[in-house]
Ligand SMILES: [Mn+2]
């Protein structure tokens, strides 16, 4: 195969209004390949006789830097980030056609940002025009660079796992601080602030996603981020929150009593979700799949919800129907269905058990290969996050469980041996959680 070039743009700064911007977060693929933290940069990987990294960056500009912060400039790109060559951004249009000359394959994630699509097409056309005079040839094969990098990102290296462990440890501490701080009468926002304060003061730059603090039946709204209600004595509160450390995400959910002690009913339902989560984590081993993790979870939930009177009939049948509901959203296509008016497990557990975790909270990488769920390998990180959500108006449910939403979530690293729970240090059993609420865990 002939020479190849891959092109990866950094994230842009996005304007909030006038000259203020939203907090900048580097593009994950760009960060993965370069570590370069500035906007308005472009990485070019060249594979011909040599293998080179070329970075285009904003030029040094002392006047501008006084306003918007220091820049590394092309010199810093070479000296600190190991670029073999570096140019100021304003030389892009003159340098890139030269780099793309006599290249066979061009790797680029077309379709993500129109401005880059057009600019790159422009460079290719310039090479083509020159090529008509016979001197050079333009790339003839365009390959989706995103797929290539995403398949690399799904298997984490040791340095990445270290960062993910740190992110998880910081978030675990923050969850326990929230348990300790929480008292009836506080607002969900009060608890959110304490949790995020803890993360940021321990070295995280930002949260990895919007923090969910959901008191009482707000927990039945899966992505509740209003966080504006008051927490009531006797209610549970569900927190789904995780920080980012060095651009790597963590993702933890815990559910605990506002007043620090589970009621009998809360405890029963909590232990169902906990046992299901533990069964899921045990399944997260090499050779298994995200579907088999989900299946372990669903079987425990079905069995135990029949025991509590939230479901009726054969648990095995409920598990089968629930698994169908997550595989095939179209109910008409199921080969087994609920009776008219019958309540199924998917009415209480309507989401999947796992997603990949890495630089992004819902990380990249294929879930299936050729239609089949992909096999778990050492180095992959996935969440295991079962939940049970009993809406306040769930008429078929026993009174005592109505309005309860419980989710328990940890991230798990698949290894050659036992799964490693990255957020292991976070209180989770009933006893641990009640102790953490008293500040004694
Ligand atoms: Mn999650």
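The values are calculated or read from the model by the stated rules, or taken from the named source; none is laboratory data. Every value quoted in this text rests on a predicted model; they were computed, and no experiment measured them. Note that each Cβ is placed from the backbone with ideal geometry, even for glycine, and that neighbours are counted across all protein chains shown.
Here is how the numbers come out for the structure above:
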| quantity | calculated |
| --- | --- |
| Checklist (1) in contact (Cβ under 8 Å) with a residue 40 or more places away in the chain; (2) closer than 23 Å to residue 282 by Cα; (3) more than 16 Å from the ligand (Cβ to nearest atom) applied to residue 422, failing item | (3) |
| Single match in 350, 380 (criterion: surrounded by fewer than 19 Cβ atoms within 10 Å (Cβ to Cβ), within 16 Å of the ligand (Cβ to nearest atom) and either in the same structural domain as residue 427 (by TED's automatic domain parsing) or over 30 Å from residue 314 (Cα atoms) (or both)) | 350 |
| Residue in the stretch 280-290 that is in contact with a helix residue (DSSP H, G or I) (Cβ under 6 Å, 6 or more places away or on another chain) and within 15 Å of residue 388 (Cβ to Cβ) present | yes |
| Subset of the stretch 216-259 (residues that are within 16 Å of the ligand (Cβ to nearest atom) and over 23 Å from residue 172 (Cβ atoms)) | 221 |
| Elements of type helices (runs of 4 or more DSSP H) in the stretch 1-85, at least 2 residues being modelled with pLDDT under 95 | 62-68 |
| Condition check for residue 294: within 16 Å of the ligand (Cβ to nearest atom), within 19 Å of the chain's Cα centre (by Cα) and free of Cβ contacts under 8 Å to residues at least 24 places away in the same chain | no |
